[in-house]
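Single-structure report; data block below.
The values are calculated or read from the model by the stated rules, or taken from the named source; none is laboratory data. None of these values were measured; they are calculated from a predicted model. Every residue, glycine as well, gets a Cβ built from its backbone with ideal geometry; the counts of neighbours run over all protein chains shown. Accessible surface areas use protein heavy atoms only, side chains included; no ligands, DNA or RNA. Shrake-Rupley method; radii C 1.70, N 1.55, O 1.52, S 1.80 Å.
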Amino acid sequence: MNGFPGFVLRRLAGAVVTLLVLSMIIYVVFYVTPGNVAQITCGPRCSPAQVHQVAQQLHLDDPLYVRYWHFLQGLLVGQDYSTGTSVEHCAAPCLGQSYQTGREVTDIIWAKLPVSFSLVLGAMVIWLLLGVGTGVLSAWRRGRLSERVLTAVTLAGVATPVFVIGLVLMIVVCGELRLLPFPQYVNFTDDPEQWAWNLLLPWLSLALIEAAGFARLTRASMLETLAEDHIRTFRAYGVGERALITRHALRGATASVIALNAVTVGSAVGGAVLTETLFGLPGIGQELVRAVKVVDLPVVVGMVLVTGFFVVLANAVADVLYAVADRRVVLA
């Protein structure tokens, strides 16, 4: 297929292949390791009988490709596993069972996912508004004092770690000024207003550092567009500077912003681990830290796999939006 539908199908096929390769890498890294894999997976407190049961569930006596096939089969169609006295079915996508809590990993992820989604999506809105807005203002005021100040601020934002920003915001806003309470996650369905107020500081701490990159990219793209010949022609015909900025220069920066946003969403997932831990938010990041501390290997594998899935999904969506913004990409 040619044209835009063919482009979308190619990107979709590429995303599927990427996820398949990612699942192979994750399986090899976590389950093909020196030592007793069943003991590591079950945890240090498991009895020999439990370790033997885990070894059977992981098919450790089978060849590597057979073991990976059972892992992949669980993701696609689910699998059955023994609890010692009965056999239970784990529905797809089956990521196994936590041997520390007895819960299915999928249930743990579904319980934590709304918190991480709220954090990343809210921060994304802020970093797009702040970053693109700062970049537009910086390009519009180029060569002036305000432009130099904005450039210095964005450079400082790039160089500052997310946990430093979070700590400063908590000390100043919650401790000294007492403008906001210390964040405690509230479900959106319970109280939308408290949900937003309690996530405001985590949003800002995650968004401020990412907004700096968008500001620099938007400024550079707009200055490049404003230096082109057709912009000089528009100026000669009396088109105002504000119209040139909003109708032409900003439109030229849209594709670059879309591409950067996909990469930023992926890095924000990693930043969410620090942000959730710092603010005590019960999301995927905090659960991942807990699972690593207690060596809950199935939960760690499930969290890493789900995180990789959303990173690949974000890049696939960005490719499609990039093609919508610039149809020349479809023909490339």
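Under Stokes-Einstein, with the Kirkwood radius over Cα pairs standing in for Rh, what whole-number D in µm²/s applies to region 154-197 at 10 °C and 1.306 mPa s?
The calculation lands on 132 µm²/s.
Would you please put 248-259, 293-304 in order of how densely packed they are, using the mean number of other Cβ atoms within 10 angstrom per residue and starting with the highest?
Ranking the peptides 248-259, 293-304 by packing returns 293-304, 248-259.
Quick check: at a probe of 1.4 Å, how many percent of the accessible area of region 38-139 sits on carbon and sulfur atoms?
63 percent
Treating the beta-carbon of each Lys and Arg as +1 and of each Asp and Glu as -1, no other charges, what is the dipole magnitude of the chain about its Cα centre, to the nearest 20 debye?
In debye, rounded to 20, the chain gives about 1340.
7 Å from Cα along Cα→Cβ at both ALA227 and SER267: what's the point-to-point distance in nm?
That separation, rounded to one decimal, is 2.4 nm.
To check my understanding: the extent here is largest minus smallest coordinate of the Cα atoms along each principal axis. What are those three numbers for region 103-145, in Å, largest first?
Each principal axis gives a Cα extent; for region 103-145 these are 59, 11, 11 Å.
Rounded, prolate or oblate: which one fits region 27-69, using the alpha carbon gyration tensor with axes a ≥ b ≥ c (rounded when a/c is under 1.5, else prolate when a/b beats b/c, else oblate)?
The shape class here is oblate.
Enumerate the whole-percent occupancy of each 10 Å bin, from 0 to the last occupied one, for all C-alpha pair distances of the chain.
5, 20, 25, 23, 16, 7, 3, 1, 0
For region 106-185, go through all pairs of different Cα atoms, get the mean of 1/r, take its inverse, and jot down that Kirkwood value in Å.
Kirkwood radius, region 106-185: 15.4 Å.
For region 1-146, what are Rg and Dmax over the alpha carbons, in angstrom?
Calculated on Cα positions, Rg and Dmax stand at 22.8, 75 Å.
Before anything else, pin down the relative contact order of the chain: Cα pairs under 8 Å, at least 6 apart, normalised by residue count, whole percent.
24 percent
Indicate the gyration tensor shape class of region 109-252 (rounded, prolate or oblate), computed on the Cα atoms with a ≥ b ≥ c the square roots of the eigenvalues: a/c under 1.5 is rounded; otherwise a/b larger than b/c is prolate and the rest oblate.
Verdict is prolate for region 109-252.
Applying a 10 Å radius around every beta-carbon, put 196-205, 8-17 in order of their mean neighbour count, most first.
Descending packing order for the listed peptides: 196-205, 8-17.
Using a Förster distance of 35 angstrom, determine the FRET efficiency expected from the C-beta separation of PHE4 and VAL168, and round it to 0.05.
0.15
With a 1.4 Å probe and all protein chains left in place, how much accessible area per residue does the chain have, in Å²?
54 Å²
Leaving out ligands, DNA and RNA, and with a 1.4 Å probe, what % of the accessible surface on region 225-332 is carbon or sulfur?
65 percent
Given 4 °C and 1.567 mPa s, compute D for region 189-279 with the Stokes-Einstein relation, Rh being the Kirkwood radius over Cα pairs; round to the nearest whole µm²/s.
Approximately 82 µm²/s, per Stokes-Einstein.
Looking at the chain, which Cys residues are left with no other cysteine's beta carbon under 4.7 Å from theirs?
Singleton cysteines: CYS174.
What translational diffusion coefficient, to the nearest whole µm²/s, does region 73-145 have by Stokes-Einstein, given a Kirkwood radius computed over alpha-carbon pairs, a temperature of 10 °C and 1.306 mPa s viscosity?
Here the translational diffusion coefficient equals 99 µm²/s.
Each label point is 7 Å from the Cα along the Cα-to-Cβ direction; what then is the distance between the points at VAL317 and ALA156, in nm?
Those two pseudo-labels are separated by 3.3 nm.
Can you tell me how region 242-331 classifies by the Cα gyration tensor, rounded, prolate or oblate, using a/c under 1.5 as the rounded cut?
oblate
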